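The values are calculated or read from the model by the stated rules, or taken from the named source; none is laboratory data. Source: prediction; values computed, not measured. Heads up, the Cβs are rebuilt from the backbone with ideal geometry, glycines too, and the neighbour counts pull from every protein chain shown. Side chains included, ligands, DNA and RNA excluded: accessible areas come from the protein's heavy atoms. Shrake-Rupley method; radii C 1.70, N 1.55, O 1.52, S 1.80 Å.
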Amino acid sequence: QLQLVESGGGLVQAGDSLRLSCAASGLSLRRYSLAWFRQTPGKEREFLASIRWIDALTYYIDSVKGRFTISRVDAKNTLYLQMNSLKPEDSAVYYCAASSVTKSTTIKDYPFWGQGTQVTVSS
């Protein structure tokens, strides 16, 4: 079983930066892609970005491309999301997840999820 634990969320002002972390344990990540999603109450969970673990191939949705950067440190089994130029509309609970499908944006393809970390951006 793969366990994922997010951290690094908090309260920031518009224009600030924040780095989220996701610590993985329990299984080798070599056969997975790791991804970041976010969810606001009353809205569907939204895919943001993914990274294939074995070779660090990345994929982003257009709305975060250029502001957010997904990365991983293999030796630490840790996934990161660097978020710059944050906007109030970025406020959400951010989740990390793991899938065997490369570049998937579909929740159903992700069997492993973290508990989420809250990000709040004030104006």
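Could you report the stretch 23-85's accessible area per residue, 1.4 Å probe, as an integer in Å²? Here the residues of the stretch 23-85 average 53 Å² of exposed surface. Taken along the Cα-to-beta-carbon direction at a fixed 7 Å, the label points for Thr120 and Gln82 span 2.7 nm.
Quote the charge dipole size of the chain about the Cα centre in Debye, to the nearest 20; the model charges only the Cβ of Lys and Arg (+1) and of Asp and Glu (-1).
240
Available extension along the chain between Asp74 and Ala14 is 18.5 nm, counting 0.36 nm per residue and deducting the alpha carbon span. Remark: relative contact order (the stretch 1-60) = 25 percent; criterion is Cα-Cα distance under 8 angstrom and separation of 6 or more residues. For the stretch 66-113 versus the stretch 1-24, the spacing of their alpha-carbon centroids is 9 Å. Based on C-alpha pairs under 8 angstrom that are at least 6 apart in sequence, the chain has a relative contact order of 36 percent. If r is the Cβ-Cβ distance from Ser63 to Ala23 and R0 is 25 Å, what FRET efficiency results, to the nearest 0.05? Given R0 = 25 Å and the Cβ-Cβ separation, E is 0.45.
As an exercise, use a Förster radius of 25 Å and the Cβ-Cβ distance of Arg31 and Val5 to find the FRET efficiency, rounded to the nearest 0.05.
My answer for the efficiency is 0.80.
Considering only Leu18, Asn84, Gly114, the residue lying farthest towards the positive end of the dipole of the stretch 8-123 is Gly114, judged by Cα position with unit charges set on Cβ.
The accessible surface of the stretch 54-123, taken with every protein chain in place and a 1.4 Å probe, is 49 percent carbon and sulfur. Taking every alpha-carbon pair under 8 Å whose residues sit at least 6 apart, the stretch 27-72 reaches a relative contact order of 31 percent.
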